[in-house]
Amino acid sequence: MTKFFRKLLLGGLFVITSQVSFAQKTDVRDPKIGGMLNEVSASNLETLIRKMVSFHTRHTLSDTLSKTKGIGAARNWIKSEFEKYAAESGGRLQVSFDTFTQPADGRRIKEPVVLKNVMAVLPGTDPSDKRMLMVSGHYDSRVTDVMNVKDFAPGANDDASGVAAVMEMARVMSKHQFSCTLVFVAFVGEEQGLYGAANLAKRAKAEGWNVHLLLNNDIVGNSYGMETDLKDNRSVRVFSEGVSALETPAQAAARQSAGTENDGNARQAARYIKEVAERYVDQLDVKLIYRRDRFLRGGDHTSFSLQGFTAVRITEMNEDFNRQHQDIRTENGFKFGDLPEYVDYTYLQKVTRMNMSVMANLALSTQEPENVGVVTSGLTNKTQLKWDAPKGKVPYGYYVLMRETTSPFWERKFFVKENQATLNYSKDNYFFGVQSVDENGHESLVVIPKPIR
């Protein structure tokens with residue numbers, strides 16, 4: 001028995017039954033992940049944001065030739081920082097531009113323009129683990145007029161905060177090894193129409209990347225509620241779509257039959273984020289928002305969702321619209337604008353740790369069980385589940401998860417060593433899922449069973 005599971009048993013967190021053991025939500029943390037989280041620095045995050053603000057504007061269509069101002073200087077600096085982290089990683093972190101020509105759209109792109117996402121890829125150590133985990137923010141900025149390429153557009157919170165989180169994660173995590181591939185990306189063109197993310201999502205689809213999860217961080221550094229005048233430095237929102245945009249008629253029929261409209265891949269990822277992040281990050285409340293994005297709005301994760309990838313948006317709890325998409329000005333003694341002095345760097349540190357805990361826990365886990373099914377060959381008030389072992393590393397065991405049909409979160413976890421379980425709970429009354437777990441407690445994402453006979 002491993003130290004992780006011995007701690008659980010000694011702590012009284014398992015209640016043994018004749019068939020499976022029940023684990024309440026555990027607060028046992030992997031010290032390796034804890035060590036990485038401790039390296040995340042609020043001071044570093046502030047330094048990164050202030051440097052991005054120093055480029056005057058990062059408008060997508062701004063100057064590309066200056067070494068000190070405009071989108072060109074900004075992307076070159078982000079790339080150079082990634083290259084520093086690559087050197088510290090022993091050369092394992094691979095840094096590049098994802099370069100493409102964006103055609104004119106007749107709206108926010110007046111003529112074709114060459115754009116560049118900035119990417120840093122940390123290859124996984126297990127050749128059989130094809131999963132790719134991505135974390136992103138967008139480095140372009142704007143003021144009130146989305147076509148204003150000249151005026152000061154600091155974009156400290158929208159979205160230098162998300163890019164700073166991505167860069168700090170790359171700095172820390174590139175020193176470590178993970179089974180699967182990690183991708184750290186700063187997108188361009190978000191404010192002009194999500195163009196950088198759309199290009200990379202299409203490339204990922206065309207090249208067959210297994211983008212297992214995208215964590216998109218956009219507007220993650222403010223803890224002040226504009227209307228309430230209150231500070232909330234512990235709440236963060238995770239937006240997730242319910243039904244895939246690429247759902248086929250057959251998949252729709254199966255979903256409707258099983259009633260699993262709240263169990264799409266993005267919703268499962270959001271539940272995973274909440275459980276893991278709240279386990280590792282103190283004084284953090286992850287709020288699951290059952291929408292693809294904010295009301296009638298969108299972000300870079302949408303481009304990945306539309307290509308069929310699992311993607312979620314991470315955003316502060318209360319946006320301050322006096323600091324977002326505003327010309328820098330003072331009116332009636334009030335200063336408008338997305339300036340670095342209005343970012344809460346301790347809060348941003350917490351959100352960065354949230355992302356890192358999820359990415360690390362998942363990257364260290366075994367892969368998901370395969371062919372997960374709920375047996376329907378006979379009428380019974382019990383639930384019988386079966387599955388196959390995942391590819392790659394053999395799990396230590398599996399968790400069978402269960403929740404009421406009205407519950408947004410998994411409520412119970414049953415640990416089993418075998419590739420099957422029979423529970424004294426009816427599939428009529430509960431939802432079930434299965435995930436693998438390794439000897440150190442790192443869980444995979446949850447797989448929803450399909451009916452089998």
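The angle separating the long axis of helix 70-88 from the principal Cα axis of greatest extent in the chain is about 50 degrees.
Phi angles across the range 307-318 convert, under the Karplus curve 6.51 cos²θ - 1.76 cosθ + 1.60 with θ = phi - 60°, into 3J(HN,Hα) values of 9, x, 8, 7, 8, 9, 10, 10, 8, 3, 6, 10 Hz, Gly and Pro given as x. Once the chain from Thr64 to Asp105 is taken as fully extended at 0.36 nm per residue, the excess over their C-alpha distance is 12.7 nm.
For His59, the accessible surface of its heavy atoms amounts to roughly 0 Å² (probe 1.4 Å, protein chains only, rounded to the nearest 10). Rounded to the nearest 0.05, what FRET efficiency is calculated for Glu331 and Glu247 with R0 set to 35 Å and r the Cβ-Cβ distance? Computed FRET efficiency for Glu331 and Glu247: 0.15.
Along the Cα-to-C-beta direction of Phe409, a point sits 7 Å from the Cα; which residues of the range 249-276 have their amide N less than 14 Å from that point? Taking a point 7 Å out along Cα→Cβ of Phe409, the residues of the range 249-276 whose backbone N falls under 14 Å are 270-276. Pairwise inverse Cα distances across the chain, averaged and inverted, put the Kirkwood hydrodynamic radius at 22.8 Å.
Computed from the Cα positions only, the extents of the range 49-102 along the three principal axes stand at 34, 29, 16 Å, in decreasing order. Per residue, the accessible area of the range 241-334 comes to 45 Å² when a 1.4 Å probe rolls over the protein heavy atoms. Length, then width, then depth: along the principal axes, the Cα atoms of the range 177-229 run 47, 32, 14 Å. Share of pairwise Cα-Cα distances greater than 17 Å in the range 213-257 is 57 percent (whole percent). Over the residues of the chain, the helix contribution to mean residue ellipticity at 222 nm works out to -9000 deg cm²/dmol, using -39500 (n - 2.57) for each DSSP H run of at least 4.
Think of each Lys and Arg Cβ as +1 and each Asp and Glu Cβ as -1; about the Cα centre, that makes the dipole of the chain roughly 940 debye. Relative to the longest principal axis of the Cα atoms of the chain, helix 42-53 runs at roughly 40 degrees.
Given R₀ = 30 Å, FRET efficiency for Arg453-Lys417 by Cβ-Cβ distance, to 0.05? Efficiency, rounded to the nearest 0.05: 0.75. What the Kirkwood sum gives for the range 307-453 is a hydrodynamic radius of 18.7 Å, with every pair of different alpha carbons counted. Near Leu445, once Lys and Arg are set to +1 and Asp and Glu to -1 for all other residues with Cβ below 15 Å from its Cβ, the sum equals 0. Nonpolar atom fraction for the chain, defined as the carbon and sulfur part of the 1.4 Å probe accessible area, stands at 50 percent.
Each 5 Å bin from zero holds the following percent of Cα-Cα pairs in the range 151-296: 2, 7, 12, 18, 22, 18, 12, 7, 3, 1, 0.
The values are calculated or read from the model by the stated rules, or taken from the named source; none is laboratory data. Please read all numbers here as calculations on a predicted model, not as lab measurements. For neighbour counting, all protein chains shown are included, and Cβ atoms are generated from backbone atoms with ideal geometry for every residue, glycine included. With ligands, DNA and RNA removed, areas are computed over all heavy atoms of the protein, side chains included. Shrake-Rupley method; radii C 1.70, N 1.55, O 1.52, S 1.80 Å.
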